[in-house]
Amino acid sequence: MTELTTRPAPAHDWGDLFTPPCDPTRARIAQALFRHAVRGLPVRVVFPGGRRLGAGGPDSPVMRVHRPSAFFHRLGVDAKIGFGEAYMVGDWTSTRLAELLTVFSARMARLIPKPLQVFRGLVDRSQPAAEENTLTGSRRNIHRHYDLSNELFELFLDETMTYSSAWFEPGSTDLVAGQLRKIDGVLDYAGVRPGAHVLEIGTGWGALAVRAAQRGARVTSLTISAEQKALAERRVAEAGLSDRVQVLLRDYREAHGSYDAVVSVEMIEAVGERYWPTYFQSVARLLRPGGRFGLQSITIADDRLRATRGTYTWIHKYVFPGGIIPSPEAIERSLAGTGLRVQRHRDFGTDYAETLRQWRERFLANWAGVAALGFDATFRRMWEFYLAYCEAGFASGYLGVRQLSLAADPG
């Protein structure tokens, strides 16, 4: 790990987060829907005074609602955002947060009664136009998350500084070994060999670029995060590979050249559905005839993608503005006319649940160091919820992760 240098964290303006809007009618509706949603779930929802909801037994995860009025007002304003915001401000808590959220995630599509789902378009917020993934919009979106602080990420990621799912050996939960296995899997899918010129879309903090260069490849890596570029270049230099790796502050749409292989790990989620065809067209344009593309993507079922596309969620507001997760079918649809074809793939979504569990535990265990960077208690609850929420998505099977090997036409 590189030396930690403490500096002030970016200031967070929580706005009116601590003053939920008051709409008694919507709050009452939200309360009725919440009661209906949890009554058959294997959880225990406990209110002040001891009133309980849910079908959980003594060993089930507990959700303690400390401020019911504020909680239901937040759900009434926007359930998809209000539920997470209520955790951020302490309206409700749980000592087994990831387990609790896994129960909700496993029944995500059925929490709201089917007859009421037709009103989704009336209550769901749309993603703001300002978060559209144009060239400038993408840079703004990425800046809000990946430029928070390199030191923050160093405190909960493993020594490889890899911010994507590990791929564990059967029976192992060794995070470093799992991350290197994942990287090798993507490089193998892309056919990276000595002497190859590799384009990486999405540098992260340089782990894949270093690994590819250690195979004898020459790497051009693209990022639009200034913070990541600085640390990635330092890590490349520390590995003695600066002559083999070039890190550019450049959008994939601005890339040029011709490459033997292209690799991209969990960057497509930040592309935006409108730009998925552009993304694959860019890869096809940059690949030499017969070249291969190693891709790793979080995935969602196609029916869930169609039902939720365009909606604005807690994750968009607080973590990944402009993000959307593709389905395997959406990836296939986006390949039309590019000359790229999927040859092989592997799925390992449960490995992401384990990866996130370890990140969450490391984040909480190292909170004193995070706080020393200037992050406050609301940020702590926000990131605890974010990591547990994502862990739950993979543990329940609502989300998956897939590596794909795509081949370009031989020309």
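Figures for the structure shown
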item: Residue satisfying condition, being out of contact with any helix residue (DSSP H, G or I) (no Cβ under 7 Å at 6 or more places or on another chain) and hydroxyl-bearing (Ser, Thr, Tyr), within set 203, 220; result: 220
item: Single residue of the stretch 47-77 satisfying the filter (in contact (Cβ under 8 Å) with a residue 24 or more places away in the chain and part of a strand (DSSP E or B)) that is farthest from residue 102 (Cα to Cα); result: 65
item: Helices (runs of 4 or more DSSP H) contained entirely in the stretch 299-411, each with at least 3 residues that are small (Gly, Ala, Ser) and within 25 Å of residue 161 (Cα to Cα); result: 349-365, 367-372, 377-395
item: Condition met for residue 305 (crowded, with 17+ Cβ neighbours inside 10 Å, without any contact (Cβ under 8 Å) to a residue 40 or more places away in the chain, within 16 Å of the chain's Cα centre (by Cα) and assigned by TED's automatic domain parsing to the domain that holds residue 220); result: yes
item: Per-region count, the stretch 376-398, residues touching a Ser or Thr at 6+ places or on another chain (Cβ under 8 Å) and surrounded by fewer than 22 Cβ atoms within 10 Å (Cβ to Cβ); result: 2
item: Odd one out for residue 410, checked against (1) surrounded by fewer than 19 Cβ atoms within 10 Å (Cβ to Cβ); (2) modelled with pLDDT of 95 or more; result: (2)
item: Test: residue in the stretch 255-273 that is under 24 Å from residue 188 (Cα atoms), free of Cβ contacts under 8 Å to residues at least 40 places away in the same chain and under 25 Å from the mean Cα position of the chain (by Cα); result: no
item: Conditions (1) over 21 Å from residue 82 (Cα atoms); (2) more than 28 Å from the chain's Cα centre (by Cα): number failed by residue 60; result: (2)
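The values are calculated or read from the model by the stated rules, or taken from the named source; none is laboratory data. Everything numeric here is computed off the predicted structure, so don't read it as measured data. Because the Cβ atoms are built from the backbone with ideal geometry, glycine has one as well, and the counts that use them run over all protein chains shown.
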